[in-house]
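Right, one structure below, let's go through it.
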Amino acid sequence: MNDASGRAQDPASGYRTAVGRVAVIGTGVIGASWVSQFLGAGLDVVATDPAPGAEARLRETVARHWPVLTQIGLAPGASPDRLTFVTGPEEAAAEADFVQENGPERLEIKHETYRRLDAVAAPDVVLATSSSGLTPSAIQAACRHPGRVVLGHPFNPPHLVPLVEVLGGEHTDEGAVDAAMAFYARIGKRPIRLRRELVGHVANRLQAALWREAFHLVGTGAATVADIDAAIAHGPGLRWALMGPCLLNHLSGGPGGLSHTLDHLGPLMEAMWADLGDPRLTPELKQTLVRGLDEALGPRDRDAMVAQRDRLLVDLVRQKRGAPDLP
């Protein structure tokens, strides 16, 4: 069915399903990457950011991302020319079919932004936040239509890494979450649906668990920064790029699968859990980490490392798309 504007609407969810124009609010590192993703998916993008020079920086960033997006595969009609830059969130959201907000991580700024977005966006348009630290429940408190506010948290850089964490707040309609999940999947993302609000959501918490032990091992002198990074990049990190920890343990268990692994290695896992560290980021530990990384990198050029990382990510994403037997 269609809404009053003639836009396609899912009768079950009450939210728009035919997304042709996306408003991007805030075009810093994450916002600019989202813009590139949406343009590469063949959508019209209307972006806004109050920072001086934001439009020029955004267009330069999109141009820099475009060759990589071309390698991954562009949707029919995809073009950087479908980007429009406007002066404020009202103009960006007024005719949008979906809104992706990427503003500062300050609740008072979020509230002001969402009051303005909520006043002009059609009621059947989902308002998604990229926030890493704020919950949708906290953000939607500023809205007259809180039911359409969702978390749509990407992993950096969004135009390369498929993951998006989707979550509704206390007053979010299930239909809005469904619509966001469907939209992200349609543009080539890999959305996961979170079941409750958590500090840092899910993927960042998993990262934080690893960081905690890595920093503990460096701080106690058990290993150097270089060796910690090598242990991951040349060890389990290679497998982690292909599948998650539960599936890895399942495959490690042979015919007995995950059940066998848990029975066989469970006592060792619990012994290691009991021995994990609980470091604090003291000035001394920070200095040790920074000094260790500087020593490990030597004269390597940062921009060259970023470019090579992105090339390998593109290759990996393309390979994973061609591996239908892996979830």
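The values are calculated or read from the model by the stated rules, or taken from the named source; none is laboratory data. No experiment lies behind these values; they were computed from the predicted model shown. Glycine also receives a Cβ, built like all others from the backbone with ideal geometry; neighbour counts cover every protein chain displayed.
Below, the figures for the structure above:
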read-out	value
Complete set of residues in the stretch 51-72 that are touching a residue at least 40 places away in the same chain (Cβ under 8 Å) and exposed (fewer than 15 other Cβ atoms within 10 Å of the Cβ)	71
Test set (1) modelled with pLDDT under 95; (2) in contact with a strand residue (DSSP E or B) (Cβ under 7 Å, 6 or more places away or on another chain) - residue 156 fails condition number	(2)
Residues of the stretch 14-50 that turn out to be surrounded by fewer than 17 Cβ atoms within 10 Å (Cβ to Cβ) and modelled with pLDDT under 95, as a count	1
Test: residue in the stretch 136-146 that is within 29 Å of residue 314 (Cβ to Cβ), buried (at least 16 other Cβ atoms within 10 Å of the Cβ) and touching a Leu at 6+ places or on another chain (Cβ under 8 Å)	no
Verdict on residue 152 being of a type outside the set (Phe, Trp, Tyr), touching a residue at least 24 places away in the same chain (Cβ under 8 Å), closer than 23 Å to residue 107 by Cα and in a loop (DSSP other than H, G, I, E, B)	no
Residue match in the stretch 204-220 (condition: touching a strand residue (DSSP E or B) at 6+ places or on another chain (Cβ under 9 Å) and either among the hydrophobic types (A, V, I, L, M, F, W, C) or modelled with pLDDT of 95 or more (or both))	yes
Some residue of the stretch 174-187 being in contact with a Ser or Thr (Cβ under 7 Å, 6 or more places away or on another chain), buried (at least 19 other Cβ atoms within 10 Å of the Cβ), part of a helix (DSSP H, G or I) and among the charged types (D, E, K, R)	yes
Candidates 129, 113, filtered to the one that is crowded, with 19+ Cβ neighbours inside 10 Å and farther than 19 Å from residue 179 by Cβ	113
Residue satisfying condition, being more than 30 Å from residue 68 (Cβ to Cβ) and either out of contact with any Asp or Glu (no Cβ under 9 Å at 6 or more places or on another chain) or touching a residue at least 40 places away in the same chain (Cβ under 8 Å) (or both), within set 298, 277	277
Helices (runs of 4 or more DSSP H) (entirely within the stretch 237-322) containing at least 2 residues that are more than 28 Å from the chain's Cα centre (by Cα) and assigned by TED's automatic domain parsing to the domain that holds residue 213	257-275, 283-297
